[in-house]
Amino acid sequence: MKIYTDISLKEKNTFRINSIARTFIEIENVDEAKEILRTSNSPIFLGEGSNTLFISANIEKPIFSPQIKGIKIIHETNDFVDIKVGAGENFDKFVEFAVENNYFGVENLSGIYGSVGAAPVQNIGAYGVEIKNVILEVETVSLQNFETKMFTNSECQFAYRESIFKTHQYFITSVTFRLSKIPFYSLDYQDIKEELRDKNLSLKILRKAILDIRNRKLLDIKKFANAGSFFKNPFVENEKIIELQKQFSELPVFTDKMTGKSKLSAAFLIEKCGFKGKQNGNVAVSNFHSLIIVNIDGKASGLEIFNFAKEIQESVKKTFGVTLEIEPSCV
Ligand SMILES: Cc1cc2nc3c(=O)[nH]c(=O)nc-3n(C[C@H](O)[C@H](O)[C@H](O)COP(=O)(O)OP(=O)(O)OC[C@H]3O[C@@H](n4cnc5c(N)ncnc54)[C@H](O)[C@@H]3O)c2cc1C
């Protein structure tokens with residue numbers, strides 16, 4: 001275990017917010033987690049900080065960073081393989097491992113930032129695949145009794161960008177994934193179809209296609225500090241959609257595969273409110289993608305970003321009567 005005091009968090013979050021952590025603790029195994037969590041009051045968990053916004057300039061609560069490593073095959077049959085991965089591993093490194101070994105199920109999630117431990121927290125998803133599809137179980141240390149608590153897939157209460165881990169009551173120490181040895185591909189997205197045209201399909205080719213699409217479509221965090229999508233696509237009742245379609249005939253509506261409920265495009269709502277490309281001090285909505293908020297040259301404080309986000313939320317609420325929920329964890 002490594003303990004640091006009064007350190008800058010600037011290099012530990014993709015928004016590059018320069019908050020100061022009073023106590024920052026790197027945890028290297030489950031026993032350390034049990035020992036140190038017992039003595040801590042309201043800890044904050046931090047992986048690679050790609051879905052976190054630090055609002056306070058000084059973070060007084062202790063920050064726990066999992067550095068638990070390892071990618072280990074724990075069971076395998078002719079059809080599938082179970083792989084236990086430490087929470088401190090980089091998620092894309094695990095995807096690369098899966099693709100290299102011809103294990104199917106996570107290739108569409110290629111290029112998503114962050115740690116393995118954070119992946120179940122918001123049930124990460126991209127290009128028609130969510131991590132819940134391949135999670136067998138999640139190992140945690142519970143803040144109720146500081147003992148190991150295992151979660152089966154159904155106990156994780158996964159939903160669109162949601163899980164039980166958003167209660168911050170469980171420190172995830174490892175995740176076990178069940179990947180298929182039998183080939184199957186998720187190729188529903190138009191972007192993927194176009195990128196793969198005239199190519200022979202394989203896991204490696206699909207991973208490269210997705211990385212290429214993401215490189216084209218998303219902002220480079222080294223140049224534009226951001227945390228990916230800042231707002232979730234909101235679920236709305238059908239009556240509300242009918243009402244809005246009378247005013248906005250081009251309103252995009254999606255059906256959530258899991259629940260069958262209707263979702264609106266947060267990007268469309270933000271754009272219609274005139275925020276695409278809008279700058280306010282050191283913060284801007286990207287003119288490339290209106291779901292992305294950028295900390296210009298890393299000069300904004302977390303509070304500036306948060307206040308700008310509130311302005312967007314209020315404007316969308318006033319114009320459409322729809323509440324936009326912030327995706328990153330705000331601390
Ligand atoms: C450019 C960009 C593109 C992105 N694209 C996507 C995308 O396509 N799809 C998608 O779903 N997400 C996307 N994201 C968001 C982000 O990559 C994911 O949410 C990722 O899982 C965050 O991992 P992290 O380790 O950086 O999490 P952090 O920001 O460190 O933490 C996120 C949350 O998880 C909690 N947490 C972290 N580790 C643990 C742990 N061990 N135990 C318990 N709780 C923990 C934190 O407390 C916090 O609430 C994108 C982000 C960026 C910057």
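Could you check, for region 263-275, whether at least one of its residues is part of a helix (DSSP H, G or I) and more than 18 Å from residue 324 (Cα to Cα)? No; the residues of region 263-275 include none that is part of a helix (DSSP H, G or I) and more than 18 Å from residue 324 (Cα to Cα).
Which residue, of 6, 31, is out of contact with any Asp or Glu (no Cβ under 7 Å at 6 or more places or on another chain) and within 30 Å of residue 296 (Cβ to Cβ)?
Matching residue, one of 6, 31: 6.
For region 214-236, a tally of residues being over 18 Å from the mean Cα position of the chain (by Cα) and in contact (Cβ under 8 Å) with a residue 24 or more places away in the chain returns 2.
Per-residue answers, yes or no, for (1) touching a strand residue (DSSP E or B) at 6+ places or on another chain (Cβ under 7 Å); (2) closer than 23 Å to residue 210 by Cα; (3) of a type in the set (Phe, Trp, Tyr); (4) within 12 Å of the ligand (Cβ to nearest atom):
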residue: 31; (1), (2), (3), (4): no, no, no, no
residue: 39; (1), (2), (3), (4): no, no, no, no
residue: 43; (1), (2), (3), (4): yes, no, no, yes
residue: 54; (1), (2), (3), (4): no, no, yes, yes
residue: 99; (1), (2), (3), (4): no, yes, no, no
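Answer yes or no: is there a residue in region 94-115 that is touching a Phe, Trp or Tyr at 6+ places or on another chain (Cβ under 6 Å), surrounded by fewer than 23 Cβ atoms within 10 Å (Cβ to Cβ) and assigned to a helix (DSSP H, G or I). Checked region 94-115: no residue is touching a Phe, Trp or Tyr at 6+ places or on another chain (Cβ under 6 Å), surrounded by fewer than 23 Cβ atoms within 10 Å (Cβ to Cβ) and assigned to a helix (DSSP H, G or I).
Conditions (1) at positive phi; (2) within 14 Å of the ligand (Cβ to nearest atom), marked per residue:
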position: 229; (1), (2): no, yes
position: 240; (1), (2): no, no
position: 243; (1), (2): no, no
position: 247; (1), (2): no, no
position: 257; (1), (2): no, no
position: 260; (1), (2): yes, no
position: 274; (1), (2): yes, no
position: 280; (1), (2): no, no
position: 298; (1), (2): yes, yes
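Right, residue 59: outside the structural domain of residue 133 (by TED's automatic domain parsing), touching a strand residue (DSSP E or B) at 6+ places or on another chain (Cβ under 9 Å) and surrounded by 15 or more Cβ atoms within 10 Å (Cβ to Cβ) or not? So residue 59 fits the description; yes.
On inspection, residue 149 fails the criterion of being part of a helix (DSSP H, G or I) and modelled with pLDDT of 95 or more.
The values are calculated or read from the model by the stated rules, or taken from the named source; none is laboratory data. In this text, all values refer to a predicted model and were calculated from it rather than measured experimentally. Please note: Cβ atoms are built from the backbone with ideal geometry, for glycine as well, and neighbour counts cover all protein chains shown.
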